[in-house]
Structure formats: structure tokens, C-alpha cells
1. Can you find a residue that is farther than 18 Å from residue 354 by Cα, under 18 Å from the mean Cα position of the chain (by Cα) and crowded, with 17+ Cβ neighbours inside 10 Å anywhere in segment 284-297?
2. Picking from 212, 233, which residue would you name as being open to solvent by 60 Å² or more (accessible area, probe 1.4 Å), in a strand (DSSP E or B) and within 29 Å of residue 269 (Cα to Cα)?
3. What's the number of the only condition in (1) crowded, with 21+ Cβ neighbours inside 10 Å; (2) within 19 Å of residue 208 (Cα to Cα) that residue 361 fails to meet?
4. Which one of these does residue 192 not meet: (1) surrounded by fewer than 18 Cβ atoms within 10 Å (Cβ to Cβ); (2) under 25 Å from residue 294 (Cα atoms)?
5. Go through (1) open to solvent by 20 Å² or more (accessible area, probe 1.4 Å); (2) within 22 Å of residue 260 (Cα to Cα); (3) not in a loop (DSSP other than H, G, I, E, B) and name the single condition residue 201 misses.
6. Taking segment 156-175 as the region of interest, how many residues are surrounded by fewer than 22 Cβ atoms within 10 Å (Cβ to Cβ) and of a type in the set (A, V, I, L, M)?
7. Among the numbered conditions (1) at pLDDT below 95; (2) crowded, with 17+ Cβ neighbours inside 10 Å; (3) touching a helix residue (DSSP H, G or I) at 6+ places or on another chain (Cβ under 9 Å); (4) charged (D, E, K, R), tell me where residue 347 comes up short.
8. Across segment 204-246, what is the total count of residues that are farther than 22 Å from residue 261 by Cβ and under 21 Å from the mean Cα position of the chain (by Cα)?
Amino acid sequence: MGAKNPFKDQQSYSSLTKKVLPYALYVLVPLIFIRLYLYPIPLVQSQRSQEYLQSNPIITTSSSSLPSPVTEKKSKSIPNERLCDYFNGKWVQDKLGPLYNGTTCSTIKDGQNCITHGRPDIGYLYWRWKPKQCKLPRFNPSIFLQLVKNKHLVFIGDSMARNQLESLLCLVSRVAPPELVYSNGEDNKFRRWNIPSHNINVSIYWSPFLVKGIEKSNEFNYNKLLLDLVDDKWAADMDHFDMIVLSVGHWFLHPAVYYDRDVLLGCHYCPDLNDTEIGFYDIFRKAFDTTLKAITDRRGKNAIDVIVTTFSPAHFEGEWDKAGACPKKEPFKEGEKEVQWMDAEMRKIQVEELEKAKKNSAKLPGLRFEALDVTKLSIMRPDGHPGPYMYPFPFADGVKDRVQNDCVHWCLPGPIDTWNEILLVIMQRWKVQSSRVR
């Protein structure tokens, strides 16, 4: 037998490849596109979200009557004042510690009263947020009281709104203790405090979707959202508000069915229902669009300042009911922890809807919008949650195999106090801008 001709074999292989390759591509290319459509690559999404976060900082001087953050840096309308991007910064150790504690403030919800519940480490109390461009002042209750004198400040949202509200009341209480004058609803979801010395009312309205919704119950294990209707529980009182703080997000992750103008859009995580599965990001955007339009379109005579607290990430590690679900004892260092894609996307939606509301209300007097950008500074504080100390002394009888953890809300005192320090700065800047207009 003669030796095989390798060149001839190579030609045959090449010919076969040319015949098969088009058919392979014909099959593979559609599959690749379907895969990318249904399951986008997280790394690419994460990079894009990080780019958005870095290129869209929140500047605390923006309002409906001011230039955008991009042009504002070059504006001369605010001379002799340093603009500050509070998004970029780091946590630094602080010897002074908090301005209150679990025994000096009576408005702390039991689940966030970590030290009183036996949390043994106190190092998490001795950190402060330090922006790169400027210094964040410590909360001054006297300044706050003067700025909000004779006004009604309202927090609207879910339990994160309540967490921030209770932090604010604690910060103020060492100068002017608030008096509870109204309470209604399960778990005190609707409350109002009065500070008689300055005729200030501070209220909390439970509205985890901002729009009209029916929360899950024993009858059905999912929420129902009516995306075209704002929640009347707070909207009916809007003409009595002077400043609104909106804070929602986490409830949109729960199973839910969505309607718009009585039309069923679909649902999120409802395998028992024969409805179209849709994600919650567009729903989150629609809810904010409806809410901010309702505020803009209102026909009340009072001026309203609107602040949106951006999404606050959770810090669960592993199973939520295992000991050590959020075990960190110190903040992340700068660059050690990036904002995850879902958290960044939620923040992005809030910022974009807020910017749209600013443009739509640019010619309306007495209406201002601002973002309280807490997403990054919050993701860097895994140590600030109650964890197992949402209940008193959870390990008094020894370490248990299963223990419920709260890695979403914040200990009081704790990192959430920083949110209200930035809130006070925003209010001070608004006061300066108002005086210049006059």
C-alpha cells in the first residue's frame, strides 16, 4: 500500500469544514443571541452600572431652577461655595462616636436597638463618612430646627423610610424631644410627632410602592400594584406637606402582579399564576414616574421640597437564618466592595426619574427635587446592621443552629445617621438658594 497523501487529507478536511461550518453557524448564532437576550452577562451589566455611577454623581446644589450637575461645576451662580459630590468618599475612624444612644432616644424601633439588645462589639459606632471633595459636617439639631420651623416634614415609603425617620428624631431629640401626637395602623405604620418649641410636625406614611397597592395576605401570596394610581394614603394629604422624603425599593423584589389602567401587565415570581413573567425594574421606574408626576401635577398652594433617598443595599452572606449572615465588624475599604448590578440599577432608575421630574417642573415655582445619594456609602457598611440582634440577646442560651438576621435595616445609632447629615446639608443649600432668589 502506498503512503497516505497528507495534503489530500487536508484538502478533504478543509472541504468538509467549508460544508459544515455554515450550518453550524446557522444553528449556533441564533442560540447565542437567545442566550444573551434571556440571560445578559452580569459582568457587562456590572461594568456599565459602575460607569453610570461614576459618571453621574449627585451634587447637592441641583434643583429645578439650577443648572444640571454637569454644567453646574462651571456655573458662577453659586460663588464662594464648594460643591460636593457625596457619592465618592470613604469611611474613616472617628473618636467622637454617635450623638445619641439606645437609652437617650425613645423613638428607636426595638429591632434596630442593637446595643440594648446585647450586641457586644461597638466599633461600628466610631466611623464617619468622608467625601473626597469636602467635609461633611456633623448633624447640628439647632440648625435643623430653624430650617424646618413651622413646617411639616414627611417620610413616605417602606421600613427604610421609617429607619431614616427614627434616626432623624434621635438626632434632634437631644435638643428638642419630639412628642408623638398620632399613631395608627399595624406596627405604627402611620405616625406623627410634634416639636412644640418650633411648631414642627414630622410624619411617617407607610407606602412601600408609592403607588396604589394591595399587600399580600393569607388569601394571596403576592402583592398587587396599580401602577397608574398614586397611593391615596399619602397623596390625599399632600397639600399639607412642606418637605417629602421618598424611600422605597426592597418591596419591589417581592412576588407581585402588576396592573396599568386595569390592564394586567404580568407578574414577578408568581409560578402558581398563569401570567407573563416580567422583571421589576421597569415596574420600579413606572412607580416613580407616577409618583413624581402626581407631586408635580398637584394643584396645592404650598411649596414642596422632594428628596429621594436612593436604594440601600443589603449585606446577607449565605442563608438569612444562619448565625453570621452579616458578620463583618468594620466598613469595606475604598475599592474593596463595588456596588452590585441590581443595587446600581435601582439607584440609576431613581436618579433618572428624578432628573426627568426636574426638567418637567423647571417652570413651576415652589417645587424642588433632589437625590439623597446613599447607595455607595451604604454598600461599604456591612457592619452596621442588627444581624441577629434584631431580637434581645439572641445567644443568651448559647449559639443556635438557626437564628433570624436583619442585614437590611440599620442599627440606631449607626451608619444611617449619615443619611440625615447629608439631608441637613441639602436643606441648608436650599435655604441659601432661596435667600438669593429673594
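The values are calculated or read from the model by the stated rules, or taken from the named source; none is laboratory data. No experiment lies behind these values; they were computed from the predicted model shown. As a convention, Cβ positions derive from the backbone with ideal geometry for all residues, glycine included, and neighbour counts pool all protein chains shown. Surface accessibility is based on the protein's heavy atoms, side chains included, excluding ligands, DNA and RNA. Shrake-Rupley method; radii C 1.70, N 1.55, O 1.52, S 1.80 Å.
1. Of all residues in segment 284-297, those farther than 18 Å from residue 354 by Cα come to none.
Scanning segment 284-297, I find no residue that is farther than 18 Å from residue 354 by Cα, under 18 Å from the mean Cα position of the chain (by Cα) and crowded, with 17+ Cβ neighbours inside 10 Å, so the answer is no.
2. On the way: 233 fails: in a strand (DSSP E or B).
Answer to the selection: 212.
3. It fails just one condition, (2).
4. Evaluating residue 192 over (1) surrounded by fewer than 18 Cβ atoms within 10 Å (Cβ to Cβ); (2) under 25 Å from residue 294 (Cα atoms) leaves (1) as the failure.
5. (2)
6. Here the count works out to 1.
7. Going through (1) at pLDDT below 95; (2) crowded, with 17+ Cβ neighbours inside 10 Å; (3) touching a helix residue (DSSP H, G or I) at 6+ places or on another chain (Cβ under 9 Å); (4) charged (D, E, K, R) one by one, residue 347 breaks only (1).
8. Summing the residues that are farther than 22 Å from residue 261 by Cβ and under 21 Å from the mean Cα position of the chain (by Cα) in segment 204-246 gives 7.
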